[in-house]
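These notes are about the structure you will find just below.
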Ligand code: SF4
């Protein structure tokens, strides 16, 4: 059974309107909101503690333009070449009415008799505007479920209510199985070598697919009986170093749970906004100094992973380094250092100037510092002996 929507449906309309106005003010009066997409929602789920990103995404601020106005444009994004290569691979995977894609889906996930090429449905999902496409997709999903055959929905449109605004999401494909189950398909151009692919890339694809699965749950919840959304999504990639597609099923239950929790957290965007000083704006046309103050007024949790996921990464990295935050070295290091949160505290603890010697992190740091001193002393002595011999 699909879970209930973690949306703002229960928020009173007046409060919702007030929040919408507040977020528009933050964005800058006449600036249109940048729509949220699955990549942005997945990135939010990947850095749950970052209030800065939650607010900026919730307000629909164009973070690419904001980073530029702050003087820290990021290299975040996909190269044109990678984009074209991805499109060409996707077209190949979906050729001939999706025959190969449906064969891979059946092979990895079952859900009915083997699809017969040419006998599967590929409904036309064209309609005016994203709302129209989302309605057309919902209708096609219902008809496909009732048909009892294989159906490929190529680039369907799904809507998800996030922080009072509708995010329109466009998965690569959704397959409806003869048993009535729905599967999200992600087609990526990174290779799958000997059946496995780069773990970080697979993780990012799984988080993105979980957002789509969540949006599909909203569509399914309106049908009676509600169809089953499969928690195994299908990841399709080039096989080894060829152009041939191969696929693997990925269980995204964990990512779904995280994304649900994060979307529930997004309803508190109004709380983050309420703590900002009067007159704060992220209008990218304002001077850099004013924008910097506005951005700094919202707490952030920078980690190196931000470099691959957020447009503000260069700005936040610089600030995190200036503050000596341990997270700038990586979340795993931060986790191992317990209560030591700045690089200054770590160096002081290692030098014996502060810190509880019974704290395992402090003891390890002091042992490491002693070993380093010994190694440096040994290297210095060896270099001195070498110099004497040479003379
Ligand atoms: S780059 Fe900055 S705003 Fe973006 S997620 Fe990381 S800390 Fe948050």
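Only the coordinates and a few stated rules stand behind these numbers; no lab work does. Just so it is clear, the structure is predicted and the values come from calculations on it, not from any experiment. Here Cβ is always computed from backbone atoms with ideal geometry, including for glycine, and neighbour counts include all displayed protein chains.
Odds and ends about this structure:
- The residue 370 and residue 201 beta-carbon pair, evaluated with R₀ = 41 Å, returns a calculated FRET efficiency of approximately 0.50.
- Gaussian network model of the chain, Cα within-10 Å springs - most flexible of 159, 348, 249: 348
- Potential extension, residue 243-residue 347 segment - 0.36 nm per residue separation minus Cα distance: 32.4 nm
- Exposure proxy for 155, 106, 177, 21: other Cβ atoms within 10 Å of each Cβ, ordered fewest to most, give 21, 155, 106, 177.
- Residues 306, 50 arranged by fewest to most Cβ contacts within 10 Å: 50, 306
- Residue with peak Gaussian network fluctuation, the chain [Cα springs, cutoff 10 Å], from 169, 56, 223: 223
- Value of [θ]222 nm, deg cm²/dmol, for the chain, DSSP H segments ≥ 4, -39500 (n - 2.57) each, nearest 500: -15500 deg cm²/dmol
- In this label model, residue 356 and residue 223 are separated by 5.6 nm, measuring between points 7 Å along each Cα→Cβ vector.
- Here 100, 217 are placed in order of increasing Cβ neighbour count within 10 Å, fewest first, which gives 100, 217.
- The antiparallel fraction among DSSP beta bridges confined to the chain stands at about 80%.
- In degrees, nearest ten, helix 13-27 long axis to first principal axis of the chain (Cα): 50
- Chain lengthening between residue 257 and residue 382 when straightened (0.36 nm per residue, less Cα-Cα): 39.3 nm
- Against the main long axis of the alpha-carbon atoms of the chain, helix 360-390 sits at an angle near 60°.
- Span from the region 360-376 Cα centroid across to the region 186-249 one, whole angstrom: 45
- Distance between the modelled labels on residue 293 and residue 95, one decimal in nanometres: 6.0 nm (7 Å Cα→Cβ projection).
- The long axis of helix 95-109 is offset from the longest Cα principal axis of the chain by roughly 70 degrees.
- Residue among 233, 175, 116 with the largest mean-square fluctuation in a Gaussian network model of the chain, springs linking Cα atoms under 10 Å: 116
- Quarter of the Cα convex hull surface for the chain, i.e. its orientation-mean projected area (nm²): 27.1
- Summary value for the chain: 19 percent relative contact order, contacts being C-alpha pairs under 8 angstrom separated by 6+ residues.
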